[in-house]
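The block underneath contains the structure these notes are about, expressed in structure tokens.
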Amino acid sequence: MTGPATIFDRPNRYIGQPTPRADAARLLAGRGRFVDDIQLPRMVHAAFHRSPHAHARIVSVDVTAARAASGVLGVWTGAEMAALVTPYVGVLTHMAGLRSAPQHPLAVDVARWQGEPLVMIVARSRAEAEDAAELVEVDYEELPPACDATTALAKDAAVIHADFGSNLAWERKVDVGDIDAAFAQPGVQIVEREFRFGRHTGVTLESRGTVCEFDPSEGCLTMHYSGQAPHMMQVILSRLMSLPEENVRVISNDVGGSFGIKIHTYGDELAAAVAARALGRPVKFVADRMESFLTDIHARDHVVKARMGVTASGTIVGIDMHDLTGIGPFSMYPRTSAIECNQVLNLTGAPYTMQHYRAHGQVVFQNKNLMCQYRAVGHPIAMAVADGLLEDAARVIGMDPVELRRRNLMADDSYPRSSTAGMKLDDLSHQAALKKLCEIMDYDGLRAEQARLREQGIFRGIGFVSMVEVTNPSPMFYGIGGAPIASQDGATVRLDAGGALHVSSSITEQGQGTNGILAQIAAGVFGVDIDRVKVTTGDTGTVPYGGGTWASRGAGIGGEAMLLAAQALKEQVLDVAAVMLQSEPGLLDIRGGAVVDAATGAERMGLADLARTVYYRGNELPSDLKPELIATRHYRVTDFPFVFTNGAMAAHVEVDPETGFVKVLHFWAVEDCGRVINPMLVDEQVRGGVVQGIGGALYEECLYSDDGQLLNATMADYMVPMAAEMPEITVAHIETPTKTSFLGAKGAGEAGTGGAPAAILNAVNDALQPMGATIWQMPMTPERILKVLGKV
Amino acid sequence: MKTKDISVIVNGEEVRASVPVRRNLVDFLRTDAGLTGSHVGCEHGVCGACTVEVNGATVRGCLMLAVQADGATVTTVEGFAASGRSAALAAAFTRRNALQCGFCTPGMLASALGYIDRGGTADRAAIREHISGNYCRCTGYQSIVEAICDVIEERTAP
Ligand code: FES
Ligand code: FES
């Protein structure tokens, strides 16, 4: 009766409702609690001298003038900092062969990218710290840089870590079936393209930052952290600063966007923690926008050469590809910078039933900022390669791209099964999603309009993607490789004396609505009004132990833990109520904040009555009844390494052949993220993700000069999508709950970013087709479009 | 460090401070006035996170020096909330989930109020154009545009 199976049709359920988030009120009133809002007594400020060169030997560092400057309280050189912090290396044992060199918070002997921090100044104000940073004198001996990933492995390339003998960080090969034989079969046509994916970055509107406090009397460090994984950060600080783990507390309140940017180990943040310990007073470091562009991890940076074989009747026989990924001078700690390439190899072609697949990935060091996991890790590359080739093949064999997909997408009743690359798949709905997509966009109508407009010299294009998204990672993602990253999450639900719930969870909030869905789940499953649920997340001092919010795992893993905890508390409360009411637990239920008669709904006892009796007047209870009114449950994904979602998306664009400008007219996304906990929040996640995907496809690029200088490190020069140029985005759902949990939720945070670039690429190429041109480089800037049109 | 004494009416209350002459208005509001609702996203006039109202005009707090605001009347997101001026927008933003991380939100509200109070119409393209000086990295903008439309339509409804 009260088992989890019935939780979705309870009278006071919230799961599935577009319930607004409670956090919105605070943020709308200007009462957010972001890191830079923190003002502590005696707080001081850090600024950094950073390398102006992409590759240079540090001959000497003179900080005399800086130390003497007004307001300065401390100065640390790279060598001084290295003595206080254990070096860290971004490798994982399950990424066989991955190598990286030890990193220090501040560069010691050699600077390896422009922007790498060298010297930290701590002063009474940020302005004084910056003034002093300008007085630091460093004698650099410039070294030849290896910036271009495509030449990083050349014989004559400068080797960034001499011990390694080359700039190769990692490589992996996948070989399934016999691609050469399959491509040589009569009737198989091959399309072949070279794709280029520029570097872009997260541009979280709130830049990275931290406030660190150290209490020498207790030996305790508190880091106020704008990030996604407090428990991971706790272990890292403990290990690198040789502090007992329990003496490190990491707190994240409001986080102004993260998207994977703020989940890594940054030398400047680490240095701020060291300074707080050394000075025994709070130290704030908030990156300015230029520092963000120079040092927040960058994303993508791939060159992919790929071929697809297809028969005249539209059977995709396989994909053969080589991916080269440039990751900067180190593999990022602790998640490593090889996961992006690994994902590309795992995911390319994953929606399709092809028999043959060969992929070779190479990850190389270069003298640019570090590249690492950003929203939809590897997905936009994998999807653009497979679906870009698919639509190219459709043009070659003269078949509609939707029809070619239909013939090759896995059947919705064919699961569980594996992808060609060996990923375990279940509960997917590619065919249904594509069908629904074509309906909501009126595909036939759009094609007719396109043909009509072409006669008038207007070049519109329609492009698709069928995609998978990796969500809810199991321990196979990081834990297995030795990273201090929890793959399970916990939730605690406590009934307070007033009849309200206090819940806490180890997943974190960066704007997705984490706190909102936790409240929805707890309120609905337990049986109180959502206004009576208070949520705590983001504090290692108070929440259960867990991984945080990344890889679209919050709802699926943290949500399931909350469901289990709320259900457990409910059972406990009903046991107590049954004794107090001389009834049976099975005859009772909790609805609207009261224990009710399950059959009639008649109120038997308010929750406040019950709780007050338990907490204040335990003498009224039988002595063998020992109620706790608190429950904690943890959850991890077992049996599957990840839970996949799927989606189908389409873009409608217009290309101006005179200016090369691409206007996105509309975008549609059909998402199957399993059970939808809050359709409004999911739709907005999808929309925000699509817009970031459009950014990567059309505008965003970290442009480097040949000698490794970032040329556009301001918001004015780096193009982020703005309201005027963004389309309306229609979102629809198919709901195929995952069988790995009661809740059945899969993640939804990254699909838009993973899929949109492929759909935009295909739409642009569809528009360009009558002009005999194609483009395979992102971002597809006006200049690059004009180039493929032969106009510049 | 050169400083100057200034007096600014912030959200209806006089704030007096001796500020370094190089301090910009948004830093003054955040540090001297203790009003951290106005945010700093770029410090070079592009992102709009610092948008506030100065003497009735919509202004980027990072492009104005605090000393230039001496004697001025400044309203920040906290002031809009306290006076109820942003109440309808706040309700619409909540209903539409027109904020995720909320970092852009104070500036977005200030820009939206500027648009609405000057008689802007519920024309989606015009609203998109108007808020194109305010970056939002989370929402994709559609919900923000819809929320602003909602408020204008409620106001003009017969
Ligand atoms: S902080 Fe003023 S516009 Fe960005
Ligand atoms: S809600 Fe995050 S930047 Fe707008």
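What is the ratio of the Cα radius of gyration of the range B:3-79 to 2.2 N^0.38 Å, where N is its residue count, to two decimals?
On the way: Rg = 10.8 Å, N = 77, 2.2 N^0.38 = 11.5 Å.
Relative to the 2.2 N^0.38 Å estimate, the range B:3-79 comes out at 0.94.
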**Asked** Out of the DSSP beta bridges found with both residues in chain B, what percent are antiparallel (nearest 5)?
**Response** 90 percent
**Asked** Using r as the Cβ-Cβ distance of A:Leu581 and A:Arg239, and R0 as 41 Å, what FRET efficiency do you calculate, to the nearest 0.05?
**Response** 0.20
**Fill in**
Here the percent of antiparallel bridges among DSSP beta bridges lying wholly in the protein assembly as shown, to the nearest 5, is 80 percent
**Asked** Around B:Glu154, what is the net charge, scoring Lys/Arg as +1 and Asp/Glu as -1 over all other residues with Cβ under 14 Å from its Cβ?
**Response** 0
**Message:** Viscosity 1.002 mPa s, temperature 20 °C: what is the translational diffusion coefficient of the range A:68-194 from Stokes-Einstein with a Kirkwood Rh over Cα pairs, rounded to a whole number of µm²/s?
**Reply:** 112 µm²/s
**Item:** Alpha carbon centroid spacing (whole Å) that separates the range A:146-189 from the range A:440-484
**Value:** 27 Å
**Prompt:** Taking the Cα centre of the range A:557-617 as the origin and placing charges on Cβ (Lys, Arg +1; Asp, Glu -1), which of A:Gly559, A:Pro585, A:Thr613 is farthest toward the positive end of the dipole?
**Reply:** A:Thr613
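May I ask for the net charge around B:Val145, where only other residues with Cβ less than 12 Å from the Cβ of B:Val145 are counted and Lys, Arg are +1 while Asp, Glu are -1?
Numbers: positive: A:Arg687, B:Arg96, B:Arg124, B:Arg128; negative: A:Glu728, B:Asp123, B:Glu129, B:Glu146, B:Asp150.
Neighbourhood net charge equals -1.
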**Item:** Residue-averaged 222 nm ellipticity for chain A, from DSSP H runs of 4+ at -39500 (n - 2.57), nearest 500
**Value:** -8000 deg cm²/dmol
**Prompt:** At 222 nm, what helix-only mean residue ellipticity would chain B give, in deg cm²/dmol to the nearest 500, using -39500 (n - 2.57) for each DSSP H run of four or more?
**Reply:** -10000 deg cm²/dmol
**Prompt:** Among all the lysines, which ones have a C-alpha under 26 Å from A:Lys570's C-alpha, if same-chain residues fewer than 8 places away are not counted?
**Reply:** A:Lys534, A:Lys626, A:Lys739, A:Lys746
**Fill in**
Percent antiparallel among DSSP beta bridges confined to the range A:227-382, rounded to 5, stands at 45 percent
**Fill in**
Under a Gaussian network model of chain B whose springs join Cα atoms within less than 10 Å, the largest fluctuation of B:Ser132, B:Ser86, B:Ser18 belongs to B:Ser18
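By the scheme Lys and Arg +1, Asp and Glu -1, what is the net charge of all other residues having a beta-carbon under 10 Å from that of B:Ser18? Could you put the intermediate results ahead of the total?
Numbers: positive: B:Lys4, B:Arg16; negative: B:Asp5, B:Asp32.
Its environment carries a net charge of 0.
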**Item:** Dimensionless Rg/Rh of the range B:86-156 - Kirkwood Rh, Rg from C-alpha atoms
**Value:** 0.90
**Asked** What is the pair-distance distribution P(r) of chain B, computed from all Cα-Cα distances in 5 Å bins starting at 0, with each bin given as a whole percent?
**Response** 2, 10, 20, 22, 19, 13, 8, 5, 2, 0, 0, 0
**Fill in**
Cα convex hull volume per residue for the protein assembly as shown, in Å³, equals 182 Å³
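Every number here is computed from the coordinates shown, using simple stated rules; none is lab data. Model, not experiment: these values are computed from the prediction. Because the Cβ atoms are built from the backbone with ideal geometry, glycine has one as well, and the counts that use them run over all protein chains shown.
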